[in-house]
Amino acid sequence: CGIIAEYGEFQSFQLYFKRFNLRTKDMPARTDSTAQRRSVMTRSITNSRSISKKQKAEESYSETSNDDMDDDDDTRDRRKIHADLPSEYWQIQKLIKYLKGGNPTATLIALCSLRDFDLSQDICQIAIRDVDGLEALVNLLDTTEIKCQVASLKILKDISQSKPISRSLTDLGAIQSLIRLLSSSVADLQCLAAETIANIAKLTRARRLVRKDGGISKFVSLLNIPPNTNIDVLKEDGQAVELLRCAALGLCSLSKSKKNKRKMKSSGLIQHLSKLITLEVETILVPVVATLSECSVDPEYRAAICEGGIIQYLSKFLESSNQELVSHCAKAIFHCAEDDLTRTLIRQHAGLEPLVRLIKFTENVSMLDGVTGAIWKVAIDRENCLVFRDLKLCESLVPLLHSQPEEVMINVAGSIAECAKIPENIEQIRKAGGLTHLVNLLSGTNPTLLINVAHALGKCATEPDSATIIDKYDGVRLLWSLLKSPNPQVQSSAAWAICPCIDNNKDAGEMVRSLVGGLELIVSLLKSDNREVLASICSAVANIAKDEQNLAVLTDHGVVPILSKLVVAHAADDYVKGHIADAIGRCCIWGNNRKEFGARGVVKPLVRYLKSKDTFVYKAAAMALFHLSLEPENCVVMHENHAKQWLVNMVGDDDWVLQEAAAGCIANIRHLALANDISKSGR
Amino acid sequence: MAGIMGRKLQAKLADAMSKRSHFSREEVDRLLTMYSALTVGGTRLDRNKFRDVLHNTFDMTDDILMDRVFRAFDKDMDSFLSQEEWVLGLSVFLKGTLEERVAYCFDVYDMNSDGYISREEMFQMLKNSMVKVLQDLQTTEEDPDEGIKDIVELVLKKMDHDHDNRLSMDDFMKSVKEEDLLLEAFGPCLPDTKYREKFLSDLEAGNVDIDVSQAKS
């Protein structure tokens, strides 16, 4: 047994054994089996809380030891039982016993000695638990012996980093004791208690308990800097700075719960954080910005953050050399940039340039994730895209489209999609080989990534050169295959992307035809009940139908009856109905479709579409009606439904295509009426 | 007459001593007034009265240690505390720098004043610190001293840097600088924060009434 290596250890080992006879009730008499030992130890963890202390003591000491130390066989046997457990186990247990049974002086010595062990090791934590060590440590917090409280807290602060220990501590009611210590007059106790709570509060249950025990307002008040404080003096005061840091750390952990966020806000958190940010003390900044980042998920916070002038500091700190700080700043910006104002403020405070510079640091994944996320959201603003164009952002983004973790690539694809608002950016993307990478990513399985990639490709395909390349690398076929995805968002983003691919491709018709089962798939998707899918598919249909042959195929697959059903079904939804009308208009051109549409009763609802306030809707409706009006039966229905009065207004519209369509439609209706009159009068 | 002369002398003394201590002139003055109140009837502060002060004002209870504190104050070893020893002792006791307090505690703990804290001295001081475990041990008829010896070993392991089985001033200073909680490792010989702060704020405010009546125990 290499564990009992030194003679000295063996000697003290025997002493412990004699003195305490640490054969607990749970341990089997003679066994070497490791597996058994492990299960025994786990049992002892759960049992130890239910067995009363006195009972345990009795059991431990009830067996009289063998006084005959000369009996080597016996000691060797006993040595075997305990040889499985390393010496740390026994030493720690002994220290806990002194801790429990001694006066403050002995307790202090035991506590200080405990810290010499690496308490993050499993065996050490098991040793502590087996003799109710955690309970002892928590009980010490409730005494009035300051030194013992400090020593106990130092241990608790370290071991509470382990989740199982945090759970046990929560069970033991440690949180209440710790919250009480937050109000202590001894700063050391406040700091240590705050940091310990910060560790324990990684558990949801603990966060709730802290709130219920009134801890949140205490934490927030610890951040308070009285109005007349001399800031320079404060910065030099190590104790005060440490207290602010620990309080911020606690709030950072606690802010993960929604209700806690609200409680913090109502306790005045944002004002305190704003003030602390202006101090620009790095150790305090990291947890403060981390807290802001976490809280800015909540829209109420975002508004306050914008107003509080914090954005300019966030932009400034992006230049810091502290990567952790930069990472949190970027994440905060990512959340805050949901709001338009933030996006503008970032640009005004020169926050865009650092973001672009930071994407070169690919080793720090967390930071890269935050930075790319921030870029994605700020790029929603067109002005920012112009700045990014000048900084050649897209060239630097393209290499990140492969061999990066998925979270990063999601953000990068999103950024590219937004930047593609500007034609020069699309050019940069194309020249850097971005399109091939994007097409490659279409073979993946992560829905969010697929959505962003499809979005990016769609935006790039608005440039004919890019559309050609995308097709060349089989992009259209891959996008089409995404239509089979079970995820409606993936389906719709693929469909939206397909539209410009068809629109900007000279050989679009041929390309679509070459896709086996492609058109059938499109028509089947018209039966979806997801409005985004419907809108995108109708738009795709409208694009596909520009090619006559393909329109014929679509008709064969029954596109007419399905579209007819949709017209009525979605009469209330402005978003979808514009695209439905558009599709109908395009599908009229082939064969008997206009007659078929009329027979299926699309005309009457389409006339009602003309009344919509949405420009796209009434224009599409007018176009559709124009095409339908080439069939006399349809004109009758239009006339009956007073289509003319709506169409008349459109004749004066700025859009000349609409003018023509409206005028043409009215003309057709009139001709029919005239013909009717002539025939009537001729009788 | 004696009163005015006494006050003038006191003021001069206060002046001199405040330069050598952490107290201001006014504070030293008040301490000297306190001394006079305590030594009514005699001219110097003896062991018993001092221990009463430690007990009543600072809530100290350990006899052995209180005795050692007296000895640490009593630099000239004449079993009485002069005014100087009183003021300078309190200066370290209440407001000492870390180094001063380390030296002071070392003096307290070094029972035979040989410059080292030996195992036996540690044993003596820690003898009564394991109350509950002793009771438990009673049931197994073990030698209760084993537990104390074990704790002594723990302390040596932690603090004996030069591995000579005893603590020199160097060992002690180094250990305390690493872990300041070990300053009073062998028992409380400095005042508790609560009592210390109360005394100092009273001193600053000018309330110098030590409860002398209780001194007559």
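The values are calculated or read from the model by the stated rules, or taken from the named source; none is laboratory data. Predicted model, so just to flag it, every value in this text is computed and none were measured. We place every Cβ from the backbone using ideal geometry, glycine too, and count neighbours over all the protein chains shown. Only protein heavy atoms, including side chains, enter the accessible area calculation; ligands, DNA and RNA are left aside. Shrake-Rupley method; radii C 1.70, N 1.55, O 1.52, S 1.80 Å.
Brief remarks on what is shown
- Protection proxy ranking of A:638-647, A:101-110, A:471-480 - average other beta-carbon atoms within 10 Å, highest first: A:101-110, A:471-480, A:638-647
- Residues in chain A average 44 Å² of solvent-accessible surface per residue, probe 1.4 Å, ligands and nucleic acids excluded.
- The mean count of C-beta atoms from other chains within 10 Å of the C-beta of residues in A:106-113, rounded to a whole number, is 6.
- Here the extension length gained between A:Lys259 and A:Ala571 equals 108.3 nm, from 0.36 nm per residue of separation less the Cα-Cα distance.
- Order by protection proxy (mean Cβ within 10 Å, highest first), peptides A:491-501, A:128-138: A:491-501, A:128-138
- Extension gain, A:Ala240 to A:Lys611, is 126.8 nm, computed as 0.36 nm per intervening residue step minus the present C-alpha separation.
- Two-site FRET efficiency, A:Asp465 against A:Lys202, from Cβ-Cβ distance with R₀ of 51 Å, rounded to 0.05: 0.50
- Where N is the number of residues in region A:297-430, Cα Rg divided by 2.2 N^0.38 Å: 0.96
- Gyration tensor (Cα) of region A:383-469, equivalent ellipsoid semi-axes in angstrom: 19, 14, 11
- In this assembly, the A-B interface accounts for approximately 2300 Å² of buried accessible surface in total, computed with a 1.4 Å probe and without ligands, DNA or RNA.
- Cα pair distances exceeding 17 angstrom across region A:167-267, given as percent: 48 percent
- Helix-only [θ]222 nm of the protein assembly as shown, DSSP H runs n ≥ 4, -39500 (n - 2.57) each, per residue, nearest 500: -21500 deg cm²/dmol
- Apportionment of accessible area to carbon and sulfur, region A:596-683, percent (1.4 Å): 54 percent
- Within 10 Å of the Cβ of each residue in A:94-104, the mean number of Cβ atoms contributed by other protein chains is 5.
- The convex hull built on the alpha-carbon positions of region A:541-683 has an orientation-averaged projected area of 8.5 nm².
- Average Cα contact separation per residue, chain B, under 8 Å, 6 or more apart, as relative contact order %: 25 percent
- Angstrom value of the Kirkwood radius, inverse mean 1/r, which spans all Cα pairs in region A:242-378: 14.6 Å
- Inter-label distance, nm, simple model (7 Å from Cα along the C-beta direction), A:Asp677/A:Ser185: 10.3 nm
- For chain A, the longest principal axis of the alpha carbon atoms and the long axis of helix A:447-460 meet at an angle near 40°.
- Theoretical FRET efficiency, 1/(1+(r/R0)^6), r = Cβ-Cβ of B:Asp67 and B:Glu146, R0 25 Å, to 0.05: 0.40
- Cα gyration tensor, region A:231-289 - rounded (a/c under 1.5), prolate or oblate: prolate
- Relative to the 2.2 N^0.38 Å rule of thumb, region B:56-198 has a C-alpha radius of gyration ratio of 1.11.
- Counting Cβ atoms of other protein chains within 10 Å of each residue's Cβ and taking the mean over peptide B:182-191 gives 3.
- Every pair of different Cα atoms in region A:84-142 enters the Kirkwood calculation, which places the hydrodynamic radius at 11.3 Å.
- Here, P(r) means the percent of Cα pairs in each 5 Å bin from 0 to the largest distance; for region A:456-506 it is 5, 26, 34, 21, 11, 3, 0.
- Residue by residue, region A:518-525 carries 3J(HN,Hα) couplings of x, 6, 4, 4, 4, 5, 5, 5 Hz when phi is fed to the Karplus relation 6.51 cos²θ - 1.76 cosθ + 1.60 (θ = phi - 60°); x denotes Gly or Pro.
- Comparing Cα centroids, region B:1-76 and region A:81-134 end up 44 angstrom apart.
- Where the alpha-carbon atoms of region B:1-136 are placed on the principal axes, they occupy 64, 31, 24 Å, in descending order.
- The smallest convex shape that holds all Cα atoms of region A:84-185, its convex hull, gives 89 Å³ per residue.
- Projecting the Cα atoms of A:Thr436, B:Ser175, B:Ser36 onto the dipole axis of the protein assembly as shown, where Lys and Arg carry +1 and Asp and Glu carry -1 at the beta carbon, places A:Thr436 farthest toward the positive end.
- Global size of region A:625-678: 10.7, 35 Å for Rg and Dmax (C-alpha atoms, Rg to one decimal, Dmax whole).
- Between 0 and 90 degrees, the angle of helix A:238-254 with respect to the longest Cα principal axis of chain A falls at about 50 degrees.
- √(5λ) per eigenvalue of the Cα gyration tensor, region A:502-621, largest first, Å: 23, 15, 13
- Normalised by the number of residues in chain A, the average gap of Cα pairs under 8 Å and 6 or more apart makes the relative contact order 5 percent.
- Taking the C-alpha atoms of the protein assembly as shown, convex hull volume expressed per residue in Å³: 247 Å³
- Within region A:515-557, the trypsin sites (Lys or Arg not before Pro) that combine a DSSP coil assignment with at most 12 other C-beta atoms in a 10 angstrom radius are A:Lys527.
- Segment A:Ile231-A:His557, length gained on full extension (0.36 nm per residue, minus Cα span): 109.8 nm
- At R0 = 30 Å, FRET efficiency that the Cβ-Cβ distance of B:Gln124 and B:Thr97 yields, to 0.05: 0.60
- Residue list for region A:152-189, given a label point 7 angstrom along the Cα-to-Cβ vector of B:Glu197 and an amide N cut-off under 11 Å: A:184-188
- Projecting label points 7 angstrom from Cα along Cα→Cβ for A:His402 and B:Asp59 puts them 7.3 nm apart.
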